[in-house]
Amino acid sequence: MHERNPAVIHLSIHLENGQRVYFTDENVLQRALNPPGTTLTAFFTLCQEDAFARTLLYSEVPSYCTWNETKKVFEQCRRGQPVDGQPGIFRENTIGRLHTVHPNQNECFYEYLRMLLVNVPGSRSFHELKIVDGVTHATFRNACQALNLLESDQQWDICINDACNTAHPN
């Protein structure tokens with residue numbers, strides 16, 4: 001059986017209420033009060049409503065759901081490879097690609113948000129991404145640190161202190 005090349009779905013990354021919005025004279029009030037959904041906001045909604053989705057990383061969702069551009073929602077795949085132990089769930093040959101984020105963009109908030117989205121499955125909101133082991137962190141960066149996703153110089157400080165205590169000259 002020949003498997004077709006995978007489709008690639010681009011997944012947006014933005015801060016809360018930070019999605020790109022296009023205004024016209026006719027829709028300015030409606031867009032300001034009710035900004036359009038994005039793949040990220042649709043992911044949060046999907047995870048609120050679907051237990052299986054809560055097991056997935058943001059980048060994995062396009063393998064199990066199709067993106068409905070008109071409705072701005074993810075809908076479960078109706079065809080593809082059945083998923084063992086998950087009746088009615090199908091997996092397609094689709095790749096979710098998160099947009100890259102320049103490190104200088106908005107003091108790295110987007111970079112930390114992206115890091116959480118590729119490591120934390122099934123978050124239901126921006127706020128929930130900041131919760132680690134029951135503790136709500138003030139920033140995405142702090143949540144990344146609590147999950148040990150960031151490197152620090154702490155291991156080098158410990159190593160140098162150990163060397164100072166044990167490696168004395170004769």
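Quick notes on this structure:
- In this structure Cys164 has an accessible area near 80 Å², from a 1.4 Å probe over the protein heavy atoms.
- Taking amide H as placed 1.01 Å from N in the peptide plane, Ile9 has its amide H under 5 Å from the amide H of Ile95, Gly96, Arg97, each at least 5 places away in sequence or on another chain.
- From phi via Karplus (6.51, -1.76, 1.60), per-residue ³J(HN,Hα) for the stretch 22-35 in Hz, x at Gly/Pro: 10, 9, 10, 4, 7, 10, 4, 5, 4, 5, 5, 7, 9, x
- Cut-off 12 Å between beta-carbons: net charge of the residues surrounding Ala53, Lys and Arg +1, Asp and Glu -1: -2
- Shown in residue order for the stretch 85-90 are the 3J(HN,Hα) couplings computed by the Karplus curve 6.51 cos²θ - 1.76 cosθ + 1.60 at θ = phi - 60°: x, 10, x, x, 9, 10 Hz (x for Gly and Pro).
- Shape call, the stretch 1-150: gyration tensor on alpha carbons, a/c limit 1.5: oblate
- For Leu56, the residues whose modelled amide H falls within less than 5 Å of its own, excluding neighbours fewer than 5 places apart on the same chain, are Gly122.
- Solvent-accessible area of Glu69 with every protein chain in place, 1.4 Å probe, in Å² to the nearest 10: 110 Å²
- Taking θ as phi - 60° and the Karplus parameters 6.51, -1.76 and 1.60, the scalar couplings of the stretch 114-124 work out to 4, 4, 5, 5, 8, 10, 10, x, x, 5, 9 Hz in sequence order, x denoting glycine and proline.
- Sequence of Val120, Val8 when ordered by accessible area, the most exposed leading, probe 1.4 angstrom: Val8, Val120
- Dipole magnitude of the stretch 29-150, debye to nearest 20 (Cβ charges: Lys/Arg +1, Asp/Glu -1, about Cα centre): 240 debye
- Carbon/sulfur fraction of accessible area - the stretch 23-96, other protein chains in place, 1.4 Å, %: 50 percent
- Loop-resident sites, the stretch 1-70, for trypsin sites (Lys or Arg not before Pro), counting at most 16 other Cβ within 10 Å (DSSP): Arg4, Arg20
The values are calculated or read from the model by the stated rules, or taken from the named source; none is laboratory data. In this text, all values refer to a predicted model and were calculated from it rather than measured experimentally. Backbone-built Cβ (ideal geometry, glycine too); neighbour counts: all protein chains shown. Side chains are part of the model used for accessible areas, which takes the heavy atoms of the whole protein and leaves out ligands, DNA and RNA. Shrake-Rupley method; radii C 1.70, N 1.55, O 1.52, S 1.80 Å.
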